[in-house]
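Here is the structure we will look at.
The values are calculated or read from the model by the stated rules, or taken from the named source; none is laboratory data. Being a predicted model, the structure only gives us computed values, none of them experimental. Counting neighbours? That spans all protein chains shown, and the Cβs are built from the backbone with ideal geometry, glycine included.
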Amino acid sequence: MINVIAYICFIGSLLAFGLGTLGLYKFPDPYTRMHAVGIGDTLGVGLVGIGLFLLSPDWILRIKLIVCLLLFWVINPTMTHLIAKSGLIHGTKPMEETKMMKE
Amino acid sequence: MVLVLLVLLRAIIGPTVIDRLISINAITNMVSVIILLMAFSNGNYGLIDIAFVFMICAFAGGLWILRVLTHGDWQLRIPGLKGFEGDRGEVDSND
């Protein structure tokens, strides 16, 4: 039973990574591509972590997995935000339909 | 594995720098996930620590690339020192 739930989580993570990669090819703009990849990767790593948490034999590995997932969930949105900010500073233009917020 | 190759193709044909950066970020995420799966499929549980270190090193490397790309000054800034508080703009202080 636990194996079935873990394999469902693995298949869901593969689907999430695949959708992120599909969004990397389908969107017209670097910022929208960044959006797709960030969401797909965060969901995929979370589902893989849940599946391995169910499969792991003792508690030390589970604590290591929890620390790893927390680290990843801090790192990945930070990295996406930094890349977007650096792109705006560096002069990469968004699509023409994009509405920028005035300060 | 196939998804890593597809993202690498996006990194090669990407028209801007930002495409290549987000492709490198996605590749490091996928490789760390593959290392975690290898740790549990072989029963070789020391690979979880290797996934840790890989993730942190990828983060530090990405930060360094962004720091080099973003223009700013390379001076050492001491917070209590006079003349260094407000002379940087809003844009440059966010790297």
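Condition first: within 8 Å of chain A (Cβ to nearest Cβ), at pLDDT 85 or above and surrounded by 15 or more Cβ atoms within 10 Å (Cβ to Cβ). Can you find one or more residues in the range B:41-51 that meet it?
Checking the range B:41-51: at least one residue is within 8 Å of chain A (Cβ to nearest Cβ), at pLDDT 85 or above and surrounded by 15 or more Cβ atoms within 10 Å (Cβ to Cβ).
Criterion first (out of contact with any strand residue (DSSP E or B) (no Cβ under 8 Å at 6 or more places or on another chain), modelled with pLDDT of 80 or more and at positive phi) does B:Gly61 satisfy it?
It is false that B:Gly61 is out of contact with any strand residue (DSSP E or B) (no Cβ under 8 Å at 6 or more places or on another chain), modelled with pLDDT of 80 or more and at positive phi.
Mind counting the residues in the range A:54-69 that are touching a Ser or Thr at 6+ places or on another chain (Cβ under 8 Å) and either more than 8 Å from every other protein chain (Cβ to nearest Cβ) or touching a residue at least 60 places away in the same chain (Cβ under 8 Å) (or both)?
The number of residues fulfilling the criteria is 1.
Which residues, counting only those in the range A:23-53, are of a type in the set (A, V, I, L, M, F, W, C), in contact (Cβ under 8 Å) with a residue 12 or more places away in the chain and more than 7 Å from chain B (Cβ to nearest Cβ)?
Of everything in the range A:23-53, those that are of a type in the set (A, V, I, L, M, F, W, C), in contact (Cβ under 8 Å) with a residue 12 or more places away in the chain and more than 7 Å from chain B (Cβ to nearest Cβ) turn out to be A:Ala36, A:Ile39, A:Leu43, A:Leu47, A:Ile50, A:Phe53.
Got a number for residues in the range A:70-84 being crowded, with 18+ Cβ neighbours inside 10 Å and touching a residue at least 24 places away in the same chain (Cβ under 8 Å)?
5
Considering only residues that are within 13 Å of A:Asn76 (Cβ to Cβ) and surrounded by fewer than 23 Cβ atoms within 10 Å (Cβ to Cβ), which ones fall in the range A:39-53?
Selection gives A:Ile39, A:Thr42, A:Leu43, A:Gly46, A:Gly49.
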